[in-house]
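The values are calculated or read from the model by the stated rules, or taken from the named source; none is laboratory data. Computed from a predicted model, the values in this text were never measured in an experiment. Cβ sites come from the backbone with ideal geometry, for glycine too, and all protein chains shown count toward neighbours.
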Amino acid sequence: MMKKIFLSTIAFSAIMMADLSRNSAGVVTDSTTALQWQDDYSDNGGTIKKAKWQDAIDYCEALSLDGYEDWRLPNIRELTSLVDDTRYGPAIDVTVFTQTASDYYWSSTTYARYPEHAWYVDFDWGYKFYYLGGKDDENYYIRCVRDGQ
């Protein structure tokens, strides 16, 4: 049985609000962080990719989108920057991110105390809480990121 540990995001409260824009290739750019985010899943038949943690990392590293091949799984701080506290079901700007499930998304951040677990974010309610998921136990959604210009 897997335990879920909920922690508040007081440590993450200094994250600035995202300033998002979408291009025609399904890539969302956050001009606040200069990160570019995947919102095109045509490589997966138009369905948001869902996988175990290592497969999520491998998927992002193999992704070729909008002429870029340097995609990766975001860390917990990067992924948290997409949460929109004014929305729920999903807690993200769906006018920009048109491909979003109201569910859990993997981050690349391993939980230091229990390395068999990794952090993930719930994009249903967008609470500023994080959970521990067993890397080999759970299939969560994936949204890849790359460092922008």
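For Trp119, the test of being in contact with a strand residue (DSSP E or B) (Cβ under 9 Å, 6 or more places away or on another chain) and modelled with pLDDT under 95 is passed. When only residues in the stretch 126-149 that are exposed (fewer than 14 other Cβ atoms within 10 Å of the Cβ) and farther than 18 Å from Ala51 by Cα count, which is modelled with the highest pLDDT? Taking the candidates together, the pick is Asp147. Considering Trp53, Trp119, the condition of being in contact with a Lys or Arg (Cβ under 8 Å, 6 or more places away or on another chain) and crowded, with 20+ Cβ neighbours inside 10 Å is satisfied by Trp53 alone. Can you say whether Leu73 is modelled with pLDDT of 95 or more, touching a helix residue (DSSP H, G or I) at 6+ places or on another chain (Cβ under 6 Å) and surrounded by 14 or more Cβ atoms within 10 Å (Cβ to Cβ), as far as the supplied structure shows? Taking the combined requirement at face value, the residue satisfies it.
Here is a yes/no grid of residues against (1) within 16 Å of Thr32 (Cβ to Cβ); (2) crowded, with 20+ Cβ neighbours inside 10 Å:
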residue: Glu61; (1), (2): no, no
residue: Asp84; (1), (2): yes, no
residue: Arg87; (1), (2): no, no
residue: Ala91; (1), (2): no, yes
residue: Val94; (1), (2): no, no
residue: Ala101; (1), (2): no, no
residue: Tyr105; (1), (2): no, yes
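Taken over the stretch 20-40, the criterion of being among the charged types (D, E, K, R) and not in a loop (DSSP other than H, G, I, E, B) is satisfied by Arg22, Asp30.
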